[in-house]
Amino acid sequence: MAQQVQGVIARAKGEPVRIETIVVPDPGPGEAVVRVQACGVCHTDLHYREGGINDDFPFLLGHEAAGVVESVGDGVTEVAPGDFVILNWRAVCGQCRACLRGRPQYCFDTHNAKQKMTLLDGTELSPALGIGAFAEKTLVAAGQCTKVDPAASPAAAGLLGCGVMAGIGAAINTGNVGRGDSVAVIGCGGVGNAAVVGARLAGAAKIIAVDIDDKKLETAKSLGATHTVNSRSADPVEAVRELTDGNGADVVIEAVGRPETYEQAFYARDLAGTVVLVGVPTPDMRIDLPLLDVFGRGGALKSSWYGDCLPSRDFPMLIDLYQQGRLDLDAFVTETIALADVEKAFERMHHGDVLRSVVVF
(Lines give C-alpha, C1' and ligand atoms only; values in the text may rest on other atoms or scores of the structure.)
Protein backbone atom coordinates (compact mmCIF):
# COMPACT_ATOMS: atom_id res chain seq x y z
CA MET A 1 0.00 0.00 0.00
CA ALA A 2 1.37 3.42 -0.97
CA GLN A 3 2.54 5.64 1.88
CA GLN A 4 2.34 9.39 2.38
CA VAL A 5 5.41 11.09 3.86
CA GLN A 6 6.94 14.55 4.05
CA GLY A 7 9.67 15.57 1.60
CA VAL A 8 11.57 18.65 0.37
CA ILE A 9 10.40 19.75 -3.06
CA ALA A 10 11.93 22.22 -5.54
CA ARG A 11 9.03 23.29 -7.76
CA ALA A 12 10.71 25.82 -10.03
CA LYS A 13 14.12 27.27 -10.84
CA GLY A 14 15.47 29.44 -8.05
CA GLU A 15 12.37 29.18 -5.87
CA PRO A 16 12.85 28.39 -2.18
CA VAL A 17 12.25 24.73 -1.44
CA ARG A 18 9.18 23.66 0.50
CA ILE A 19 8.03 20.66 2.48
CA GLU A 20 5.15 18.82 0.85
CA THR A 21 3.38 15.50 1.19
CA ILE A 22 4.65 12.91 -1.27
CA VAL A 23 3.32 9.50 -2.15
CA VAL A 24 5.77 6.59 -2.01
CA PRO A 25 4.49 3.46 -3.79
CA ASP A 26 5.13 -0.06 -2.63
CA PRO A 27 8.37 -1.42 -4.12
CA GLY A 28 8.03 -3.20 -7.44
CA PRO A 29 10.40 -5.82 -8.86
CA GLY A 30 14.01 -4.84 -8.15
CA GLU A 31 13.01 -1.91 -5.92
CA ALA A 32 13.22 -1.05 -2.22
CA VAL A 33 11.60 1.43 0.13
CA VAL A 34 14.10 2.92 2.59
CA ARG A 35 13.28 4.73 5.83
CA VAL A 36 15.76 7.60 5.69
CA GLN A 37 17.67 8.29 8.91
CA ALA A 38 20.02 11.05 7.73
CA CYS A 39 20.74 12.98 4.53
CA GLY A 40 23.49 15.51 3.87
CA VAL A 41 22.82 18.86 2.18
CA CYS A 42 25.03 18.71 -0.91
CA HIS A 43 25.87 21.37 -3.52
CA THR A 44 24.32 19.09 -6.11
CA ASP A 45 20.92 19.56 -4.48
CA LEU A 46 21.37 23.30 -4.83
CA HIS A 47 22.32 22.80 -8.49
CA TYR A 48 19.03 20.97 -8.98
CA ARG A 49 17.07 23.79 -7.35
CA GLU A 50 18.84 26.34 -9.53
CA GLY A 51 18.12 24.38 -12.74
CA GLY A 52 21.81 23.62 -13.21
CA ILE A 53 21.28 19.88 -13.78
CA ASN A 54 18.12 19.83 -15.91
CA ASP A 55 14.64 21.33 -15.90
CA ASP A 56 12.62 18.26 -14.90
CA PHE A 57 10.82 20.07 -12.09
CA PRO A 58 9.45 19.37 -9.55
CA PHE A 59 12.42 17.71 -7.88
CA LEU A 60 12.45 15.67 -4.71
CA LEU A 61 15.82 16.75 -3.39
CA GLY A 62 18.38 14.88 -1.28
CA HIS A 63 20.70 12.04 -2.23
CA GLU A 64 23.56 11.79 0.30
CA ALA A 65 21.81 9.46 2.71
CA ALA A 66 21.71 6.45 4.98
CA GLY A 67 18.74 4.57 6.37
CA VAL A 68 17.05 1.24 6.96
CA VAL A 69 15.40 -0.90 4.29
CA GLU A 70 11.69 -1.12 5.08
CA SER A 71 10.45 -3.33 2.26
CA VAL A 72 11.67 -4.84 -1.00
CA GLY A 73 10.03 -5.93 -4.24
CA ASP A 74 10.14 -9.21 -6.10
CA GLY A 75 13.53 -10.55 -7.08
CA VAL A 76 15.54 -8.51 -4.59
CA THR A 77 18.27 -10.56 -2.96
CA GLU A 78 21.08 -8.11 -2.17
CA VAL A 79 19.26 -6.40 0.73
CA ALA A 80 16.41 -7.29 3.07
CA PRO A 81 14.09 -5.39 5.41
CA GLY A 82 16.00 -4.22 8.46
CA ASP A 83 19.34 -3.78 6.69
CA PHE A 84 21.21 -0.53 7.40
CA VAL A 85 22.28 0.90 4.04
CA ILE A 86 24.00 3.83 2.40
CA LEU A 87 22.18 5.01 -0.70
CA ASN A 88 24.19 5.40 -3.88
CA TRP A 89 23.54 6.72 -7.37
CA ARG A 90 25.67 4.10 -9.11
CA ALA A 91 23.60 0.91 -9.06
CA VAL A 92 25.60 -1.03 -11.62
CA CYS A 93 23.81 -2.98 -14.32
CA GLY A 94 26.33 -5.78 -14.81
CA GLN A 95 25.61 -5.91 -18.55
CA CYS A 96 26.92 -2.73 -20.20
CA ARG A 97 30.27 -2.60 -22.00
CA ALA A 98 32.02 -1.15 -18.92
CA CYS A 99 30.65 -3.84 -16.61
CA LEU A 100 31.48 -6.61 -19.05
CA ARG A 101 35.06 -5.33 -19.27
CA GLY A 102 35.39 -5.65 -15.50
CA ARG A 103 35.07 -1.91 -14.89
CA PRO A 104 31.71 -1.62 -13.12
CA GLN A 105 32.78 1.64 -11.48
CA TYR A 106 32.22 3.19 -14.91
CA CYS A 107 28.82 1.53 -15.48
CA PHE A 108 27.01 3.29 -18.34
CA ASP A 109 23.50 2.03 -17.49
CA THR A 110 23.01 2.51 -13.76
CA HIS A 111 19.62 1.66 -12.31
CA ASN A 112 16.96 3.80 -10.65
CA ALA A 113 13.51 2.83 -9.44
CA LYS A 114 11.11 2.37 -12.34
CA GLN A 115 8.08 3.62 -10.46
CA LYS A 116 7.66 7.31 -9.71
CA MET A 117 7.02 9.00 -6.40
CA THR A 118 4.38 11.71 -6.75
CA LEU A 119 2.74 14.67 -5.11
CA LEU A 120 -0.77 14.17 -3.74
CA ASP A 121 -2.31 15.41 -7.02
CA GLY A 122 -0.41 12.76 -8.98
CA THR A 123 2.35 15.03 -10.30
CA GLU A 124 5.42 12.85 -10.87
CA LEU A 125 8.58 13.83 -9.03
CA SER A 126 12.16 13.74 -10.30
CA PRO A 127 14.29 12.40 -7.43
CA ALA A 128 17.72 14.01 -7.18
CA LEU A 129 20.29 11.59 -8.63
CA GLY A 130 17.57 8.96 -8.69
CA ILE A 131 17.35 8.96 -4.88
CA GLY A 132 15.24 11.78 -3.41
CA ALA A 133 16.23 11.37 0.25
CA PHE A 134 15.07 14.66 1.78
CA ALA A 135 12.05 12.62 2.75
CA GLU A 136 11.03 10.35 5.58
CA LYS A 137 11.00 7.43 3.15
CA THR A 138 12.10 7.02 -0.45
CA LEU A 139 11.81 4.50 -3.27
CA VAL A 140 15.01 3.40 -4.98
CA ALA A 141 16.38 0.55 -7.07
CA ALA A 142 17.59 -2.15 -4.70
CA GLY A 143 21.07 -1.85 -6.23
CA GLN A 144 21.20 1.72 -4.89
CA CYS A 145 21.31 0.27 -1.36
CA THR A 146 24.71 -0.74 -0.04
CA LYS A 147 24.60 -2.68 3.21
CA VAL A 148 27.13 -1.55 5.86
CA ASP A 149 27.79 -2.00 9.57
CA PRO A 150 24.64 -0.82 11.43
CA ALA A 151 26.77 0.46 14.32
CA ALA A 152 27.90 3.40 12.18
CA SER A 153 26.34 6.82 12.75
CA PRO A 154 23.76 7.46 9.98
CA ALA A 155 24.70 11.16 9.83
CA ALA A 156 28.34 10.29 9.12
CA ALA A 157 27.79 7.17 7.02
CA GLY A 158 25.38 8.87 4.64
CA LEU A 159 28.06 11.33 3.55
CA LEU A 160 29.77 8.49 1.68
CA GLY A 161 26.74 8.53 -0.60
CA CYS A 162 28.16 11.52 -2.46
CA GLY A 163 30.56 14.26 -1.36
CA VAL A 164 32.97 12.46 0.94
CA MET A 165 33.17 9.47 -1.41
CA ALA A 166 33.77 11.83 -4.33
CA GLY A 167 36.73 13.44 -2.59
CA ILE A 168 38.30 10.32 -1.14
CA GLY A 169 37.83 8.50 -4.44
CA ALA A 170 39.32 11.39 -6.42
CA ALA A 171 42.55 10.86 -4.52
CA ILE A 172 42.63 7.09 -4.17
CA ASN A 173 40.73 5.76 -7.19
CA THR A 174 41.15 8.43 -9.86
CA GLY A 175 44.40 10.10 -8.85
CA ASN A 176 46.06 6.85 -7.78
CA VAL A 177 47.88 8.71 -5.03
CA GLY A 178 50.71 6.54 -3.76
CA ARG A 179 52.97 6.37 -0.75
CA GLY A 180 55.37 9.30 -0.66
CA ASP A 181 53.54 11.34 -3.32
CA SER A 182 53.00 15.08 -3.15
CA VAL A 183 49.38 16.16 -3.55
CA ALA A 184 47.76 19.56 -3.90
CA VAL A 185 44.03 20.04 -3.38
CA ILE A 186 42.47 23.21 -4.77
CA GLY A 187 39.20 24.05 -3.05
CA CYS A 188 38.66 22.88 0.52
CA GLY A 189 34.94 22.50 0.91
CA GLY A 190 33.45 19.13 1.76
CA VAL A 191 34.74 17.36 -1.36
CA GLY A 192 38.17 18.98 -1.30
CA ASN A 193 38.72 18.19 2.35
CA ALA A 194 37.63 14.62 1.68
CA ALA A 195 40.34 14.53 -1.01
CA VAL A 196 42.81 15.65 1.66
CA VAL A 197 41.67 12.72 3.80
CA GLY A 198 41.95 10.36 0.83
CA ALA A 199 45.49 11.52 0.10
CA ARG A 200 46.43 10.94 3.73
CA LEU A 201 44.89 7.45 3.70
CA ALA A 202 46.88 6.66 0.55
CA GLY A 203 50.16 7.61 2.24
CA ALA A 204 50.96 10.93 0.56
CA ALA A 205 54.03 12.55 2.09
CA LYS A 206 53.03 16.13 1.36
CA ILE A 207 49.44 17.39 1.12
CA ILE A 208 49.01 21.03 0.15
CA ALA A 209 45.55 22.54 0.71
CA VAL A 210 44.67 25.61 -1.39
CA ASP A 211 41.67 27.86 -0.76
CA ILE A 212 40.69 31.49 -0.33
CA ASP A 213 39.17 30.93 3.13
CA ASP A 214 41.45 30.56 6.15
CA LYS A 215 38.74 28.70 8.10
CA LYS A 216 38.55 26.03 5.41
CA LEU A 217 42.33 25.80 5.35
CA GLU A 218 42.42 25.25 9.11
CA THR A 219 39.90 22.45 8.69
CA ALA A 220 42.04 20.94 5.94
CA LYS A 221 45.05 21.04 8.25
CA SER A 222 43.10 19.28 11.00
CA LEU A 223 42.18 16.54 8.50
CA GLY A 224 45.72 15.87 7.32
CA ALA A 225 47.02 18.71 5.13
CA THR A 226 50.70 19.30 5.78
CA HIS A 227 50.75 22.77 4.20
CA THR A 228 48.15 25.41 3.36
CA VAL A 229 48.05 28.18 0.76
CA ASN A 230 45.61 31.08 0.77
CA SER A 231 45.30 31.88 -2.93
CA ARG A 232 43.95 35.35 -2.21
CA SER A 233 47.36 36.39 -0.95
CA ALA A 234 49.68 34.03 -2.85
CA ASP A 235 49.94 32.66 -6.37
CA PRO A 236 48.86 29.04 -5.84
CA VAL A 237 50.93 27.69 -8.72
CA GLU A 238 54.12 29.28 -7.47
CA ALA A 239 53.32 28.32 -3.88
CA VAL A 240 52.79 24.66 -4.77
CA ARG A 241 56.00 24.62 -6.80
CA GLU A 242 57.94 26.23 -3.96
CA LEU A 243 56.67 23.55 -1.56
CA THR A 244 57.70 20.77 -3.96
CA ASP A 245 61.29 21.73 -4.70
CA GLY A 246 60.25 23.79 -7.69
CA ASN A 247 58.67 20.85 -9.47
CA GLY A 248 54.94 20.88 -8.80
CA ALA A 249 52.82 18.21 -7.14
CA ASP A 250 52.57 14.63 -8.35
CA VAL A 251 48.77 14.85 -8.19
CA VAL A 252 46.65 18.01 -8.17
CA ILE A 253 42.96 17.63 -7.33
CA GLU A 254 40.68 20.45 -8.49
CA ALA A 255 37.61 20.47 -6.26
CA VAL A 256 36.09 23.79 -7.35
CA GLY A 257 35.00 23.23 -10.93
CA ARG A 258 35.99 26.57 -12.47
CA PRO A 259 38.23 27.31 -15.49
CA GLU A 260 40.65 29.50 -13.54
CA THR A 261 41.21 26.93 -10.79
CA TYR A 262 41.54 24.14 -13.35
CA GLU A 263 44.27 26.13 -15.07
CA GLN A 264 45.99 26.54 -11.72
CA ALA A 265 45.80 22.78 -11.20
CA PHE A 266 47.21 22.15 -14.68
CA TYR A 267 50.29 24.27 -14.08
CA ALA A 268 50.76 23.32 -10.41
CA ARG A 269 51.52 19.67 -11.24
CA ASP A 270 54.90 18.18 -11.90
CA LEU A 271 55.93 17.00 -15.37
CA ALA A 272 54.11 13.72 -16.04
CA GLY A 273 51.87 14.51 -13.07
CA THR A 274 48.13 14.03 -12.84
CA VAL A 275 45.28 16.54 -12.69
CA VAL A 276 41.97 15.28 -11.30
CA LEU A 277 38.83 17.35 -11.84
CA VAL A 278 36.22 16.52 -9.22
CA GLY A 279 34.65 19.97 -8.87
CA VAL A 280 31.44 20.23 -10.90
CA PRO A 281 31.45 22.95 -13.60
CA THR A 282 28.38 24.58 -15.10
CA PRO A 283 27.41 23.92 -18.74
CA ASP A 284 28.66 27.32 -19.96
CA MET A 285 32.25 26.96 -18.70
CA ARG A 286 35.17 26.52 -21.10
CA ILE A 287 38.93 26.13 -20.72
CA ASP A 288 41.63 27.46 -23.00
CA LEU A 289 45.03 25.81 -22.67
CA PRO A 290 47.93 25.85 -25.15
CA LEU A 291 47.87 22.44 -26.81
CA LEU A 292 51.65 22.41 -26.80
CA ASP A 293 51.58 22.63 -22.98
CA VAL A 294 49.10 19.78 -22.80
CA PHE A 295 51.47 17.71 -24.93
CA GLY A 296 54.73 18.91 -23.45
CA ARG A 297 53.85 18.47 -19.78
CA GLY A 298 52.79 14.85 -20.27
CA GLY A 299 50.99 13.03 -17.53
CA ALA A 300 47.23 12.69 -17.31
CA LEU A 301 44.19 14.94 -17.17
CA LYS A 302 41.35 13.03 -15.53
CA SER A 303 37.78 13.65 -14.47
CA SER A 304 36.48 11.93 -11.34
CA TRP A 305 32.79 11.09 -11.36
CA TYR A 306 31.64 9.97 -7.91
CA GLY A 307 35.27 9.33 -7.05
CA ASP A 308 35.29 6.46 -9.58
CA CYS A 309 33.82 4.44 -6.74
CA LEU A 310 32.19 1.04 -6.71
CA PRO A 311 29.77 1.31 -3.76
CA SER A 312 29.71 -2.42 -3.02
CA ARG A 313 33.50 -2.36 -2.70
CA ASP A 314 34.22 1.07 -1.26
CA PHE A 315 31.40 1.85 1.19
CA PRO A 316 31.89 -1.16 3.51
CA MET A 317 35.67 -0.69 3.45
CA LEU A 318 35.44 2.99 4.37
CA ILE A 319 32.87 2.31 7.09
CA ASP A 320 35.29 -0.27 8.52
CA LEU A 321 38.01 2.40 8.59
CA TYR A 322 35.54 4.78 10.28
CA GLN A 323 34.69 2.18 12.91
CA GLN A 324 38.41 1.59 13.53
CA GLY A 325 38.98 5.32 14.11
CA ARG A 326 41.14 5.68 11.00
CA LEU A 327 38.65 7.77 9.00
CA ASP A 328 37.00 10.66 10.82
CA LEU A 329 33.67 10.96 9.00
CA ASP A 330 32.19 12.76 12.01
CA ALA A 331 34.49 15.72 11.28
CA PHE A 332 32.49 16.41 8.12
CA VAL A 333 29.19 16.78 10.00
CA THR A 334 29.18 20.48 10.88
CA GLU A 335 25.59 20.51 12.11
CA THR A 336 22.48 18.36 12.22
CA ILE A 337 19.22 19.99 11.19
CA ALA A 338 15.54 19.27 10.72
CA LEU A 339 13.90 18.71 7.34
CA ALA A 340 12.38 22.19 7.50
CA ASP A 341 15.85 23.78 7.64
CA VAL A 342 17.14 22.72 4.21
CA GLU A 343 16.61 26.15 2.64
CA LYS A 344 18.56 27.79 5.47
CA ALA A 345 21.31 25.21 4.97
CA PHE A 346 21.58 26.27 1.32
CA GLU A 347 22.15 29.84 2.52
CA ARG A 348 24.89 28.75 4.94
CA MET A 349 26.46 26.77 2.12
CA HIS A 350 26.75 29.99 0.07
CA HIS A 351 28.67 31.62 2.92
CA GLY A 352 31.06 28.69 3.29
CA ASP A 353 30.16 28.21 6.95
CA VAL A 354 29.75 24.44 6.86
CA LEU A 355 31.35 21.30 5.50
CA ARG A 356 27.99 19.53 5.72
CA SER A 357 24.62 20.24 7.21
CA VAL A 358 22.91 16.91 7.73
CA VAL A 359 19.16 16.39 8.00
CA VAL A 360 18.45 13.86 10.75
CA PHE A 361 15.05 12.20 10.96
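Would you mind telling me which residue in Gln105, Gln324, Gln264 has the biggest mean-square fluctuation in a Gaussian network model of the chain, where springs connect alpha carbons within a distance under 10 angstrom?
For the chain, modelled as a Gaussian network with Cα springs under 10 Å, the answer is Gln324.
How high is the relative contact order of segment 238-318? Use alpha-carbon pairs under 8 Å, at least six apart in sequence, and give a whole percent. Each step should come with its number before you reach the end.
Values: 110 pairs, mean separation 21.8, N = 81.
Relative CO of segment 238-318 lands at 27 percent.
Explain nothing, just the number: dipole magnitude of segment 141-258 about its Cα centre with +1 on each Lys and Arg Cβ and -1 on each Asp and Glu Cβ, in debye rounded to the nearest 20.
Values: 10 positive and 12 negative charges, 66 e Å.
Dipole magnitude for segment 141-258 comes out near 320 debye.
Tilt of helix 311-323 relative to the longest C-alpha principal axis of the chain, in degrees (0 to 90, nearest 10)?
80
Could you size up the charge dipole of the chain around its Cα centre, putting +1 on the beta carbon of Lys and Arg and -1 on that of Asp and Glu, and report it in debye to the nearest 20? Show your work: numbers first, answer last.
Details: 31 positive and 45 negative charges, 124 e Å.
With only Lys, Arg, Asp and Glu charged at Cβ, the dipole is about 600 debye.
Please report the antiparallel percentage of DSSP beta bridges with both residues in the chain, rounded to the nearest 5. Display every interim value, and only then the final one.
Working: 35 of 62 bridges.
Counting only bridges with both partners in the chain, antiparallel ones make up about 55 percent.
Rg/Rh for segment 230-361: what does it come to with C-alpha atoms and Rh from Kirkwood? Mind dumping the intermediate values first?
Numbers: Rg = 18.3 Å, Rh = 17.6 Å.
Answer for segment 230-361: 1.04.
Pairing the Cα long axis of helix 259-268 with the longest principal axis of the chain, what angle in degrees results, from 0 to 90 and rounded to the nearest 10?
Between helix and principal axis, roughly 50 degrees.
Hey, can you find the accessible area per residue of the chain for me, probe 1.4 Å, expressed in square angstrom?
Values: 15250 Å² over 361 residues.
Heavy-atom SASA per residue in the chain reads 42 Å².
Among Asn176, Asn193, Leu129, whose Cα sits farthest toward the positive end of the charge dipole of segment 71-217 (+1 at Cβ of Lys/Arg, -1 at Cβ of Asp/Glu, about the Cα centre)?
Result: Asn176.
Evaluate the relative contact order of segment 87-152 (contact order divided by residue number), counting alpha-carbon pairs under 8 angstrom at least 6 apart; express in whole percent. Walk me through the numbers on the way to the answer.
On the way: 84 pairs, mean separation 22.3, N = 66.
Averaging sequence separation for qualifying contacts and normalising by length gives 34 percent for segment 87-152.
When the Kirkwood radius is taken over all Cα pairs of the chain, what Stokes-Einstein diffusion coefficient follows at 25 °C and 0.890 mPa s, in µm²/s? Don't skip to the answer; put the middle values down first.
Details: Rh = 20.7 Å.
For the chosen part, D equals 119 µm²/s.
To test your reading of the geometry: what angle, between 0 and 90 degrees and rounded to tens, separates the Cα axis of helix 190-201 from the longest principal axis of the chain?
Approximately 70 degrees, to the nearest 10.
For n ≥ 4 DSSP H runs only, could you compute -39500 (n - 2.57) per run for the chain, divide by its residues and tell me the 222 nm figure to the nearest 500?
On the way: 11 runs with 91 residues, N = 361.
Only helices count here, giving -7000 deg cm²/dmol.
Tell me which trypsin sites (Lys or Arg not before Pro) from segment 309-361 have a DSSP coil assignment and no more than 16 other beta carbons within 10 Å of their own.
Values: sites: Arg313, Arg326, Lys344, Arg348, Arg356; in loops: Arg326, Arg356.
Listed in order of number, the matching sites are Arg326.
Got a number for carbon plus sulfur as a percent of the chain's accessible area, 1.4 Å probe? Can you show the working numbers first?
Numbers: 7450 of 15250 Å².
Solvent-exposed carbon and sulfur of the chain make up 49 percent of the total.
Under 8 Å for C-alpha pairs, at least 6 residues apart: give me the relative contact order for the chain, rounded to a whole percent. Let's see the in-between values first.
Details: 909 pairs, mean separation 62.2, N = 361.
Relative contact order here is 17 percent.
What is the dipole size for segment 277-361, taken about its Cα centre, with +1 at each Lys and Arg Cβ and -1 at each Asp and Glu Cβ, in debye to the nearest 20? The partial results should precede the final answer.
Details: 8 positive and 13 negative charges, 58 e Å.
With Lys and Arg at +1 and Asp and Glu at -1, about 280 debye.
The values are calculated or read from the model by the stated rules, or taken from the named source; none is laboratory data. Values in this document were obtained by computation on a predicted structure and should not be read as measured data. Please note: Cβ atoms are built from the backbone with ideal geometry, for glycine as well, and neighbour counts cover all protein chains shown. Please note that ligands, DNA and RNA were not included when accessible areas were found on the heavy atoms of the full protein model with its side chains. Shrake-Rupley method; radii C 1.70, N 1.55, O 1.52, S 1.80 Å.
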